[in-house]
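To keep things clear, I will list the structure first and then write my remarks on it.
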Amino acid sequence: MSASPAIHTLANAVRLATSPPTASRSIVVSPRAKARMGGPPGEGPSSARKAAQVLSLNREIRALARSIAQAAVEVLAGTRPVQQLSRTLDPGCLSALQHRAALTRAQGGHSRLHRSPMVRSVHVCAVNDGVYEASLVVSEELRSRAVAMRLEGSNGAWKVTALEIG
């Protein structure tokens, strides 16, 4: 069982108050992280604002990747039409997903009722400005699948340009 964050904070405060003084620790920030943040750390409110924007964007990408992965697995299960993903998948990914779903149905498909797939974990990584890659684990009733996707932003919208479902 895990303790609540308040207990951890209290324990850290007690440890810091009772520990002997040490030399101040410096925070090392990688050049890649500096570039993402738009400059050196500690520039005041602007660096904090940029960090908040990056965090907000990461949350947005995670939520989008989660919903696309769940919908794509539902398409393969036959419980969702592939056209519902036409706004978020580029044409190549959409046709590949449609082809795979047709092959699954041709092989006998899933005749029994399906439970809705559940996304168990989402990991997002910024590749470049406006380009993210996400890896997810989606669990179904009898199996779990790995899903990987590349999201690219253009004209204020995110498109999946690569999608792999295990």
If unit charges are put on Cβ atoms (+1 for Lys and Arg, -1 for Asp and Glu) and the dipole of segment 44-165 is taken about its Cα centre, the option from Leu89, Val54, Thr79 lying farthest towards the positive end turns out to be Thr79
Between the modelled labels at Val127 and Ala96 (7 Å from Cα along Cα→Cβ) the distance in nm is 1.1
Bounding extents of segment 44-165 in its principal axis frame from Cα atoms, largest first in Å, are 61, 28, 19
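Any read-out appearing in this document is the output of simple, stated calculations on the displayed coordinates, not a laboratory observation. In this text the structure is predicted, and so the values were computed from the model without any measurement. With ideal geometry, Cβ positions are generated from the backbone for all residues, glycine too; neighbour counts draw on all protein chains shown.
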